[in-house]
Amino acid sequence: MNREVDLVAYLPPFMAKYQEINATLQAENPEFDLLWKEADRVWHNQFIETADEYGIARFEKLLGIYPEVLDTIESRRSRVQSKWFTELPYSMKMLKCKLEMLCGTNNFELLADFEKGYTLTVRTNLEMYGQIEEVENLLKQMVPVNVIIHLQNKIQGHTKGTIFSGGCVICMDTNMISNDFSEAYQVEADMVFGGGLVHTEDRVILD
């Protein structure tokens with residue numbers, strides 16, 4: 001929550017006209033603004049969803065989590081949420097709730113087949129670093145060991161751009177006129193050109 005600190009506004013009307021008091025309070029505004037921002041930061045760091053890097057680090061310390069070098073603040077937040085909200089007994093409903101926290105709503109598919117082969121298929125669409133590892137840890141923790149887990153993660157690739165290509169055809173005729181020989185040549189062929197066309201003639205006249 002952003003708040004603009006203005007101490008002069010709290011002065012009674014009869015004191016606001018004194019320049020000395022106004023200047024003193026205006027000089028103190030930045031200090032109170034910093035204090036307000038720190039208080040707002042403490043408030044947000046009480047909750048996993050709004051905690052900054054310092055707040056997430058405190059939650060990780062409580063849970064015994066050691067972040068990796070390539071972890072982002074969002075992947076660390078997701079890992080903390082998955083370990084913080086743990087309730088027994090485990091059920092399919094609880095597993096779905098946990099997957100929603102990790103993957104997001106409608107970003108995963110959970111298929112259970114406990115009649116034919118005791119298999120559980122989980123399909124996700126996760127892109128952030130460390131997310132799929134957290135799903136694996138969650139399934140190992142909540143799913144019984146006699147259930148076969150099939151975990152599939154599909155990353156959608158979207159590309160957009162422009163490809164430019166160009167081509168050029170060069171046709172060159174070389175004609176030599178000489179008295180040394182006299183022969184006739186007949187050439188029949190089809191020529192197809194695409195792109196640019198350059199026609200160059202090189203004529204040599206000899207005695």
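The values are calculated or read from the model by the stated rules, or taken from the named source; none is laboratory data. No experiment lies behind these values; they were computed from the predicted model shown. Every residue, glycine as well, gets a Cβ built from its backbone with ideal geometry; the counts of neighbours run over all protein chains shown. Ligands, DNA and RNA are stripped out before the accessible areas are found, and what is left, the full protein with its side chains, is counted by its heavy atoms. Shrake-Rupley method; radii C 1.70, N 1.55, O 1.52, S 1.80 Å.
Which of the numbered conditions does N106 fail, given that it passes all the others? Conditions: (1) open to solvent by less than 90 Å² (accessible area, probe 1.4 Å); (2) not in a helix (DSSP H, G or I).
Status for N106: all satisfied but (1).
Condition first: part of a loop (DSSP other than H, G, I, E, B) and surrounded by 12 or more Cβ atoms within 10 Å (Cβ to Cβ). Now tell me which residues in the stretch 87-103 satisfy that.
Matches in the stretch 87-103: Y90 only.
With a cut-off of at least 2 residues that are closer than 30 Å to G130 by Cβ, in contact with a helix residue (DSSP H, G or I) (Cβ under 8 Å, 6 or more places away or on another chain) and open to solvent by less than 60 Å² (accessible area, probe 1.4 Å), name the helices (runs of 4 or more DSSP H) lying wholly within the stretch 1-77.
53-63
Restricted to the stretch 109-120, and to residues that are of a type in the set (D, E) and assigned to a strand (DSSP E or B), which residue is least open to solvent (accessible area, probe 1.4 Å)?
Here the residue is D113.
Name the residue, out of L63, L70, that is in contact (Cβ under 8 Å) with a residue 60 or more places away in the chain and not small (G, A, S).
None of the others qualify; the one that does is L70.
L126 passes all but one of (1) in a helix (DSSP H, G or I); (2) within 18 Å of the chain's Cα centre (by Cα); (3) among the aliphatic types (A, V, I, L, M); which number fails?
(1)
When you check N146 against the structure, is it more than 22 Å from the chain's Cα centre (by Cα), surrounded by 10 or more Cβ atoms within 10 Å (Cβ to Cβ) and either modelled with pLDDT of 70 or more or within 20 Å of L99 (Cβ to Cβ) (or both), yes or no?
Judged against the criteria, N146 is not a match.
What are the pairs, 6+ residues apart or on separate chains, where a residue within the stretch 140-152 that is in contact (Cβ under 8 Å) with a residue 24 or more places away in the chain and more than 17 Å from S91 (Cβ to Cβ) has its Cβ under 9 Å from a residue that is of a type in the set (D, E) and in a helix (DSSP H, G or I)?
Note: pairs meeting the criteria are L151/E136.
So which residues in the stretch 63-90 are at pLDDT 80 or above, within 19 Å of L139 (Cβ to Cβ) and small (G, A, S), if there are any at all?
Those that are at pLDDT 80 or above, within 19 Å of L139 (Cβ to Cβ) and small (G, A, S): S75, S78.
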